[in-house]
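Have a look at the structure below, then the notes.
The values are calculated or read from the model by the stated rules, or taken from the named source; none is laboratory data. All figures in this text were calculated on a predicted structure; none of them were measured in a lab. Virtual Cβ from ideal backbone geometry, glycine too; neighbours counted across all protein chains shown. Note: areas computed on protein heavy atoms with side chains; ligands, DNA, RNA excluded. Shrake-Rupley method; radii C 1.70, N 1.55, O 1.52, S 1.80 Å.
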Amino acid sequence: MPEFVPADERTRRVVEAVSGGKLPSVARVSEVTLWGVRVVLVYRLDEAEHARRDALNAEPLNDLWLLETLLKLPVGRPVPLANLEGRDRRRLSKGWPAGTAEQRGDMVERVATLPLWVDLAVVCSETASLEALHVMPFGAYAPQAIWLDCLSAGSEQLLEEAARFSTGVVHWQNAGEPKVLVPVQPLADVTITAAGWRFTEHAYEQVSGRVGGPGEVSPLRSPTA
């Protein structure tokens, strides 16, 4: 079974400050490279889905077209293929990774669900300038925050822009307690999309330590292109 490597105590203190208190027992914290950015993820693993995928050695779901089609199917309930739009039937005709869905005759049933939910993404920045916002690609999929080791000239502008873009900011240099300068804002819309599902797949590949995960895949380019 893949190893989930937890973050160190220093990192956990920072994310707890950003989150506003002690993390729930089901929350996990891991530091990984996702989309070319070193990031600390706070997430909840779907234990049943993880165990199911691990038993099958299931491949990740990276195809946006497939994910869009799967989202139209209920989990665990067969649906007549004839009820699907032509575009979705064409995608399913191309097949899918093992363990994603099951087809019996003219009925198809979705099996796969999201492997985890990301509750927070924290990126440690070496700069307190506006450049810190340029490496924050996760805001469309999870609440995000910048971790500053130091404050400098231009920090005020960063704090203003971070608040404008709903990005939290926390400052800590190991002395005292982490100080939240800009609170993290929750996502306005939690409806899962194909892009959001693919983000969780990418995060799952990294936190579970699976080889070949999209640690360097650009979020602006489809990994299946």
Of the residues in the stretch 70-99 that are among the small types (Gly, Ala, Ser) and within 20 Å of ARG198 (Cβ to Cβ), the one that is most open to solvent (accessible area, probe 1.4 Å) is ALA98
Within the stretch 1-23, restricting to residues that are at pLDDT below 85 and open to solvent by less than 70 Å² (accessible area, probe 1.4 Å), the one that is farthest from HIS171 (Cα to Cα) is PRO2
The stretch 107-204: strands (runs of 3 or more DSSP E) wholly inside it with 1 or more residues that are closer than 19 Å to LEU71 by Cβ are 107-110, 116-125
- Message: touching a Gly at 6+ places or on another chain (Cβ under 7 Å), among the aliphatic types (A, V, I, L, M) and more than 15 Å from PRO178 (Cα to Cα): is that true of ALA58 in this structure?
- Response: yes
- Message: Among the residues in the stretch 100-118, are any touching a helix residue (DSSP H, G or I) at 6+ places or on another chain (Cβ under 8 Å), over 30 Å from PRO80 (Cα atoms) and either surrounded by fewer than 16 Cβ atoms within 10 Å (Cβ to Cβ) or touching a residue at least 24 places away in the same chain (Cβ under 8 Å) (or both)?
- Response: yes
How many residues of the stretch 194-225 are under 12 Å from the mean Cα position of the chain (by Cα), farther than 13 Å from LEU61 by Cα and at pLDDT 50 or above? The answer is 2
Residues in the stretch 24-46 that are open to solvent by less than 70 Å² (accessible area, probe 1.4 Å) and out of contact with any Pro (no Cβ under 8 Å at 6 or more places or on another chain) total 9
Test VAL190 against the stated conditions and say whether it is open to solvent by less than 70 Å² (accessible area, probe 1.4 Å) and of a type outside the set (Ser, Thr, Tyr). no
_Against the condition farther than 23 Å from TRP117 by Cβ and either modelled with pLDDT of 90 or more or open to solvent by 50 Å² or more (accessible area, probe 1.4 Å) (or both), how does ALA175 come out, does it pass?_
yes
Output for Cβ contacts, cut-off 7 Å, separation at least six or different chains, first residue closer than 19 Å to VAL180 by Cα and without any contact (Cβ under 8 Å) to a residue 60 or more places away in the chain in the stretch 134-146, second part of a loop (DSSP other than H, G, I, E, B) and open to solvent by less than 70 Å² (accessible area, probe 1.4 Å), reads GLY139/SER166; PRO143/VAL184; PRO143/LEU187; GLN144/MET136; GLN144/PHE138; ILE146/MET136
